[in-house]
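I have placed the structure first, in the form of structure tokens, so that the comments after it can refer back to it.
The values are calculated or read from the model by the stated rules, or taken from the named source; none is laboratory data. Here the structure is a predicted model, which is why all the values come from computation and not from measurement. Quick reminder, even Gly has a Cβ in these numbers, built from the backbone with ideal geometry, and neighbours come from all protein chains shown.
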Amino acid sequence: MANIGTSIDRAVEALGRGELIGLPTETVYGLAGNALDESALVKIFETKNRPRFDPLITHMDSLVKAELLVQEFPEKAIMLAERFWPGPLTLLLNKRPEIPDLLTAGLPRMALRIPNHPLALRLLSRLDFPLAAPSANPFGFVSPTSARHVDDQLGDKINYVLDGGDCEVGLESTVVGFDDENITIHRLGGLTVEEIEDVVGHVSISLNKSSNPVSPGQTKRHYSPGKPLIIGNITEELQKANGQKVGVISFDTDHGVDDQIVLSPGGNMDEAARRIFSALRTMKNTDVEIIITQKFPESGLGRAINDRLERAAAR
Ligand code: TXA
Ligand code: MG
């Protein structure tokens, strides 16, 4: 078991010694270490059992600090950063040569973001290095949205989890890249396509759905709850599931099932996003044999929720 607490001093000391900590952010909890220290980066990959072809996101607390890590900041990237940082937006920009290749899995671009969480920002302001932080779950599993979740999955491998309460967004950041005039979303997340297009106009979406990605990123199978997950019409799927112990995760409708989580009885998509990973985790830990859920409306955060559910359902 890790210690769970709110001491910034303790986090600063551990990170300064090259150790990893659990880091609260508004999206999900991260497994954080010094982004400029190769041995800390190796620990991150090993602790998560993450393949080295999958690059990490680097976190800092100011745009000035981000600018020091990259070669140039395209104008549209600045526009997005000024509008949405701190927040659930990750920018892919060309790294400076001195940034470790391990951080970016050998790619020329690095991923950067300023998280919108008071404890994370206070911690980052005390450090003279940025933090590499992938989601604090073993590779392929559901992302953690509380300090307890981190402890449950990685508590035997790290000493300290900085406790920032439950994550307010609940989905990982949206990953955005720039090629000349084109802006591409590489991962749907807590910042919606609509919000981004409001600032920079049309963007394309290129999500990795292969299980053996040519370019790194999300693998097809991810966010696994460890048992079959069916996405469909919940009422119909319940009829087909006779004999099996079923758990239901619905958006807003009560289906009268014993093991059921209604994410937002009032139909609020923000609330559903905030609770989705925790719901998958709960279903994983109960004795239901299959999980039935539904497709969400394909707009706003509904798109990112659908993306996560499809990956969790992939077998
Ligand atoms: O909300 C978040 O982004 C959380 C919190 C902790 O900040 N972090 C997170 O990290 O979700 P992780 O490692 O679980 O996901 C990082 C994603 C992966 O899909 C990775 O492949 C992509 O960002 N990524 C990172 N660097 C990249 C690069 N240079 N090119 C393409 N994709 C990159
Ligand atoms: Mg992750």
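Assorted remarks:
- Boolean, Arg315 is surrounded by 20 or more Cβ atoms within 10 Å (Cβ to Cβ), of a type in the set (D, E, K, R) and touching a residue at least 24 places away in the same chain (Cβ under 8 Å): no
- Only one of the numbered conditions (1) more than 16 Å from ligand 2 (Cβ to nearest atom); (2) modelled with pLDDT of 95 or more is violated by Asn182, and that is (2).
- Of the set (1) over 22 Å from Asn137 (Cα atoms); (2) buried (at least 22 other Cβ atoms within 10 Å of the Cβ), all apply to Ala11 but (1).
- For region 30-46, the set of residues classified as more than 22 Å from Leu91 (Cα to Cα) and surrounded by 19 or more Cβ atoms within 10 Å (Cβ to Cβ) consists of Ala40, Lys43, listed by residue number.
- Looking only at region 254-297, and only at residues there that are hydroxyl-bearing (Ser, Thr, Tyr) and in contact with a Ser or Thr (Cβ under 9 Å, 6 or more places away or on another chain), the one that is nearest to Gly170 (Cα to Cα): Ser278
- Cβ separations smaller than 8 Å between residues 6+ apart or across chains give the following pairs from region 241-269 residues that are of a type in the set (Gly, Ala, Ser) to residues that are loosely packed, with under 15 Cβ neighbours inside 10 Å: Gly247/Thr286.
- Hey, Ile305 touching a Leu at 6+ places or on another chain (Cβ under 9 Å), part of a helix (DSSP H, G or I) and buried (at least 18 other Cβ atoms within 10 Å of the Cβ) or not: yes
- Selection status of Leu107, under 28 Å from Leu301 (Cα atoms), surrounded by fewer than 21 Cβ atoms within 10 Å (Cβ to Cβ) and at pLDDT 95 or above: no
- Residues considered: Leu89, Leu112. Of these, the only one that is buried (at least 20 other Cβ atoms within 10 Å of the Cβ), within 16 Å of Ala35 (Cα to Cα) and in contact with a Leu (Cβ under 7 Å, 6 or more places away or on another chain) is Leu112.
- If you go through region 256-279 and keep only what is part of a helix (DSSP H, G or I), touching a helix residue (DSSP H, G or I) at 6+ places or on another chain (Cβ under 8 Å) and surrounded by 17 or more Cβ atoms within 10 Å (Cβ to Cβ), you end up with Met269, Ala272, Ala273, Ile276, Phe277, Ser278.
- Meets criteria (within 16 Å of ligand 2 (Cβ to nearest atom), within 23 Å of Ile185 (Cα to Cα), out of contact with any Gly (no Cβ under 7 Å at 6 or more places or on another chain) and of a type in the set (Phe, Trp, Tyr)) for Phe73: no
- Qualifying residue in region 74-92 (condition: more than 14 Å from ligand 1 (Cβ to nearest atom), assigned to a loop (DSSP other than H, G, I, E, B) and closer than 22 Å to Glu181 by Cα): yes
- Residue that is among the aliphatic types (A, V, I, L, M), under 15 Å from Ala312 (Cβ atoms) and at pLDDT 85 or above, where the choices are Ile205, Ile230: Ile230
- Here Leu36 does not qualify as within 16 Å of ligand 2 (Cβ to nearest atom) and in contact (Cβ under 8 Å) with a residue 60 or more places away in the chain.
- Single residue of Gly190, Gly170 found to be touching a helix residue (DSSP H, G or I) at 6+ places or on another chain (Cβ under 6 Å) and within 22 Å of Ala136 (Cα to Cα): Gly170
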